[in-house]
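Trainee: First the structure, which I've put down as structure tokens, then a few questions once you've had a look.
What follows draws every value from the coordinates through simple rules; no lab data is involved. Since the model is a prediction, treat every value here as computed from it, not as a measurement. As a convention, Cβ positions derive from the backbone with ideal geometry for all residues, glycine included, and neighbour counts pool all protein chains shown.
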Amino acid sequence: MIPARFLRPILLIALIMGALLPLPVVAHPHGWIDLRMRLVLDDQGRLEALQQSWRLDPFYSLVVLEELEREQGGGGLEAALDQLGSEIRDNLSPQGYFTELQLGDERLGLGEVDNYTVLERDGRIEFVFLLPLTEPRVIEGETLSYRVFDPTYYIEVVHEADGNEPLDDALVVGGELVCETRILAAEPDPERVLEAAMLDVDDTAETGLGRHFAETGEVVCR
């Protein structure tokens, strides 16, 4: 059992900032998030938001749920999950919600998350949120791409998959546009792989390392 003094860092930072924990692991990453992405279009067919679902891996989910059950108080587990959602949102905000979005060669601006929830599904913690663009954008005829990653690569973010194949609903587009989607596996430079492998649990990765290991989602609508 992990000592109680380490549960709060797991709760807030394993998902969010990558705090270091005394776990029997010798290289990054130390946990993972299963991602589902849905592009939300307005009634003019413009992209207005990214609806993301993050499922925390089973081990960290178990630790978080056990901690929440101990601390839930009179409000019950639902209230504790709501509070957790607020903490996750507040900590992800300064880091752009771990999301980079491009249309062609142009980096798109992202707004702040006001619509979010945290729930327990099949024994795993799931954070679902709507990440708006700063302004809706026409995406028809251009390549839209995104990456979702922890900059320190303490937590790996991967699209929900069955074996090595992403699930059909790991990346979808809402609305009536006819779109092609694909998820590209990361192809990190061998030096980056070695850098990550050499990180001990007491080391802090260079900010930006996670980008080299991030999958890329691509969408082309015609």
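Trainee: Can you pull out every residue in the range 107-122 that is of a type in the set (A, V, I, L, M) and farther than 9 Å from R89 by Cβ?
Mentor: The initial filter retains those residues of the range 107-122 that are of a type in the set (A, V, I, L, M), namely 108, 110, 113, 118-119.
Once the filter is applied, which keeps residues that are of a type in the set (A, V, I, L, M) and farther than 9 Å from R89 by Cβ, the range 107-122 yields L108, L110, V118, L119.
Trainee: Sticking with this structure for a sec: State all residues of the range 49-83 that are crowded, with 21+ Cβ neighbours inside 10 Å and within 27 Å of G174 (Cβ to Cβ); if no residue qualifies, say none.
Mentor: A49, L50, Q52, W54, L56, L81, listed by residue number.
Trainee: Oh, and also: Any idea which of L101, L92, L119 is surrounded by 18 or more Cβ atoms within 10 Å (Cβ to Cβ) and either touching a helix residue (DSSP H, G or I) at 6+ places or on another chain (Cβ under 7 Å) or β-branched (V, I, T) (or both)? So that I can check it myself, show each step before the final result.
Mentor: Values: L101 fails: either touching a helix residue (DSSP H, G or I) at 6+ places or on another chain (Cβ under 7 Å) or β-branched (V, I, T) (or both); L119 fails: surrounded by 18 or more Cβ atoms within 10 Å (Cβ to Cβ).
Being surrounded by 18 or more Cβ atoms within 10 Å (Cβ to Cβ) and either touching a helix residue (DSSP H, G or I) at 6+ places or on another chain (Cβ under 7 Å) or β-branched (V, I, T) (or both) holds for just one of L101, L92, L119, which is L92.
Trainee: Next question. Tell me, which residue of the range 122-151 that is buried (at least 21 other Cβ atoms within 10 Å of the Cβ) and β-branched (V, I, T) is nearest to L77 (Cα to Cα)?
Mentor: Applying the filter and picking the extreme gives I125.
Trainee: Further question on the same structure: I'd like to know if the range 135-148 contains one or more residues that are touching a helix residue (DSSP H, G or I) at 6+ places or on another chain (Cβ under 8 Å), in a strand (DSSP E or B) and touching a residue at least 40 places away in the same chain (Cβ under 8 Å). I'd like the intermediate steps shown before the answer.
Mentor: Taking the range 135-148 and keeping what is touching a helix residue (DSSP H, G or I) at 6+ places or on another chain (Cβ under 8 Å), we get 147-148.
After this cut, where a residue has to be in a strand (DSSP E or B) as well, the list is 147-148.
If we keep only those that are touching a residue at least 40 places away in the same chain (Cβ under 8 Å) too, we end up with 147-148.
Checked against the condition, which is being touching a helix residue (DSSP H, G or I) at 6+ places or on another chain (Cβ under 8 Å), in a strand (DSSP E or B) and touching a residue at least 40 places away in the same chain (Cβ under 8 Å), the range 135-148 yields at least one hit.
Trainee: Pairs, please: C-beta under 8 Å, at least 6 apart or cross-chain, first residue assigned to a helix (DSSP H, G or I) and in the range 80-108, second among the small types (G, A, S)?
Mentor: Partner pairs satisfying both residue conditions: A80/G73.
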